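Q: Below: one structure in structure tokens.
The values are calculated or read from the model by the stated rules, or taken from the named source; none is laboratory data. Because the structure is a prediction, the values reported are computed rather than measured. We place every Cβ from the backbone using ideal geometry, glycine too, and count neighbours over all the protein chains shown.
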Amino acid sequence: MGGKRGGCRAALGHSDELRNDKREVLFMDFKISAGRDVMNQWLDVAVTAPAPQLIANVTTELDGFSIGDDDLNPPERSYERIWHQVGTGTPNQTHTAVVTATDQNGNEESGSETWQD
């Protein structure tokens, strides 16, 4: 029984705002936590967008399989979802979660976390 906490920031190189002829770089903050119990994995995903960016869709993959495709209507500043009993809980197995968030303008950013049971 254990858990792994991770986090990453993904750069969004597009902005509708320009300052001093330079493009403003916005970041979404991805937090991915995972662990396993005797039988299965659990996965906790959180994404936060900076103003004025909003999250319109979040897709989540675990070990190459889609486990979530959530539309946020209306778009929100933050998103969180927890999966219980997802994937396998085999000891010494490596897992990768990939989370892709799409903002209200259609721009995508991704964050990922890899861990071993």
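Q: How about the range 67-97: which of its residues are farther than 21 Å from ASP29 by Cβ, without any contact (Cβ under 8 Å) to a residue 40 or more places away in the chain and either surrounded by 14 or more Cβ atoms within 10 Å (Cβ to Cβ) or out of contact with any Ser or Thr (no Cβ under 7 Å at 6 or more places or on another chain) (or both)?
A: ASN73, THR90, PRO91, ASN92, GLN93, listed by residue number.
Q: Identify the residue in the range 39-50 that is in a strand (DSSP E or B) and over 11 Å from the mean Cα position of the chain (by Cα) and, among all such residues, is modelled with the lowest pLDDT. It would help to see each step written out before you state the result.
A: Within the range 39-50, the first condition is being in a strand (DSSP E or B), and the residues that meet it are 41-48.
Checking which are over 11 Å from the mean Cα position of the chain (by Cα) leaves us with 41-42.
Numbers: GLN41: 77, TRP42: 87.
Among those that are in a strand (DSSP E or B) and over 11 Å from the mean Cα position of the chain (by Cα), it is GLN41.
Q: Here is a follow-up. Going through the range 68-114 one residue at a time, which ones are touching a strand residue (DSSP E or B) at 6+ places or on another chain (Cβ under 8 Å), part of a loop (DSSP other than H, G, I, E, B) and on the phi < 0 side of the Ramachandran plot?
A: Passing the criteria: ARG77, THR88, GLY89, GLN93, GLN104, ASN107.
Q: For GLN53, only one of the following conditions fails: (1) modelled with pLDDT under 95; (2) surrounded by 18 or more Cβ atoms within 10 Å (Cβ to Cβ); (3) not in a loop (DSSP other than H, G, I, E, B); (4) not hydroxyl-bearing (Ser, Thr, Tyr). What is its number?
A: (3)
Q: Which condition breaks for GLY64 when tested against (1) under 18 Å from PRO91 (Cα atoms); (2) small (Gly, Ala, Ser); (3) at pLDDT 80 or above?
A: Result: GLY64 passes all but (1).
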